[in-house]
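The values are calculated or read from the model by the stated rules, or taken from the named source; none is laboratory data. None of these values were measured; they are calculated from a predicted model. With ideal geometry, Cβ positions are generated from the backbone for all residues, glycine too; neighbour counts draw on all protein chains shown. Quick note on the areas: whole protein, heavy atoms, side chains included, nothing else; ligands and nucleic acids left out. Shrake-Rupley method; radii C 1.70, N 1.55, O 1.52, S 1.80 Å.
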Amino acid sequence: SFIGEESVAAGEGSILTDNPTWIIDPIDGTTNFVHRFPFVAVSIGFVVNKKMEFGIVYSCIEDKMYTARNGKGAFCNGQKLQVSGQEDITKSLLVTELGSNRDPEAIKIILSNMERLLSIPVHG
């Protein structure tokens with residue numbers, strides 16, 4: 001099976017089944033791309049039995065290829081990635097995506113979540 005982010009965004013339906021399925025977003029960061037903000041990528045995932053088996057993200061502007069396989073770790077341009085080991089959340093950096101949904105109820109939930117995160121407090 002095949003699920004394309006751009007076709008789903010255009011209103012086509014899709015249902016994730018147990019079938020082997022490719023999930024592709026050819027312009028991940030479409031809004032960034034439209035506004036010439038240089039953070040866009042090509043994202044590809046492969047799912048079997050609704051479980052992610054592997055994923056590939058190519059960050060076009062940075063020329064970085066991120067790969068990950070279930071149980072095998074994650075890599076950037078072939079170099080193994082590791083988490084920092086930082087356990088103190090007050091020393092963490094918060095990065096978020098607010099999405100494009102401007103429905104009043106969605107905005108209310110997003111802002112409530114942001115308020116909870118920012119009150120932790122985080123480092124930045």
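Among Asn19, Asn70, Asn113, the largest mean-square fluctuation in a Gaussian network model of the chain, built with springs joining Cα atoms closer than 10 Å, belongs to Asn113. Between Val48 and Phe33, the modelled label-to-label distance comes to 2.9 nm, taking each label 7 Å out from Cα in the direction of the beta carbon. Using a Gaussian network model of the chain in which every pair of alpha carbons under 10 angstrom is joined by a spring, one finds that among Asp88, Asp63, Asp18 the greatest mean-square fluctuation is at Asp88.
Each helix, a run of at least 4 DSSP H residues, gives -39500 (n - 2.57); summed and divided by the residues of the chain, these come to -5500 deg cm²/dmol at 222 nm. Computed over the chain, the alpha-carbon pair-distance distribution with 10 angstrom bins reads 11, 27, 38, 23, 1, each value a whole percent.
Accessible surface for Glu62 stands near 90 Å², nearest 10, in the context of the full protein assembly shown (1.4 Å probe). Build a GNM of the chain with springs between Cα atoms under 10 Å apart, and of Ala68, Ala41, Ala106 the one that fluctuates most is Ala106.
Quick one: net charge around Glu97, please, counting Lys, Arg +1 and Asp, Glu -1 for every other residue with C-beta under 15 Å from its C-beta.
Within the 15 Å Cβ shell, the charges total -2.
Shape index of the range 71-118: Rg/Rh, with Rg the Cα radius of gyration and Rh the Kirkwood radius from the inverse mean 1/r over Cα pairs, equals 1.15. Could you work out what % of the accessible surface of the chain is carbon and sulfur, using a 1.4 angstrom probe and leaving DNA, RNA and ligands out of the count? That fraction is 59 percent. Relative contact order, whole percent, for the chain stands at 14, derived from Cα pairs under 8 Å and 6 or more residues apart.
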